[in-house]
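Read through the structure below, which is laid out as C-alpha cells, and then see the notes.
Each value in this text was obtained by applying a stated rule to the coordinates, not by laboratory testing. Here the structure is a predicted model, which is why all the values come from computation and not from measurement. Ideal geometry is used to build each Cβ from the backbone, glycine not excepted, and the neighbour counts take in all protein chains shown.
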Amino acid sequence: MVLSRSQEERVMAVLQRQLPGSLQLGYCIAHLASAAKIRTDQHVHLARFLYAVVRKGQCETLEEGLCTAGSHEVRELVVRGRSLALAEPPR
C-alpha cells in the first residue's frame, strides 16, 4: 500500500506552508502526518514518499531541530519545504 494521490497532495501542501516573512515551517513525522491527515499505520508510506520528494529537491530534512507545528525539539527527523528564498532563480 502507498499513499494515495490526494494524500501526497496534502503532504506537499503542508510542506509548502510558510508564514509571511518567516522561515519554512518544520515538522516531525507525527505532526506532518497529523496536518496532512495521514493515519498512523501509514507513517512508513509517508516516509517513503518523503524520501522520494527529498531526492527531487522539493523538500529537505534535518536530523534534528524544531518542530514548529508542535513547538518542540526533535532529535529525529524534521521535514520542511524548500524555502523560496533559497531556490535558484529561473534561467
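Loop-only check: which GluC sites (Glu not before Pro) in segment 43-76 are DSSP coil with at most 14 other Cβ within 10 angstrom?
Loop-located and lightly packed - Glu63, Glu64, Glu76.
Taking θ as phi - 60°, what are the ³J(HN,Hα) couplings along segment 62-72 by the Karplus curve (6.51, -1.76, 1.60), each to the nearest whole Hz, with x for Gly and Pro?
For segment 62-72, the Karplus-derived couplings read 10, 5, 7, x, 10, 8, 6, 5, x, 6, 9 Hz, x marking Gly and Pro.
Residue-wise, which Karplus ³J(HN,Hα) couplings in Hz belong to segment 25-38, taking 6.51 cos²θ - 1.76 cosθ + 1.60, θ = phi - 60°, and x for glycine or proline?
6, x, 10, 6, 4, 4, 6, 5, 4, 5, 5, 9, 6, 9
Per 0.36 nm of contour for each residue apart, how much would the distance between Ala47 and Arg17 grow if the chain were fully extended, relative to their Cα-Cα spacing?
Gain on stretching Ala47 to Arg17: 8.9 nm.
Quick one: which residues, 5+ away or cross-chain, put their amide H under 5 Å from the amide H of Gly26? H built at 1.01 Å from N.
Thr68, Ala69
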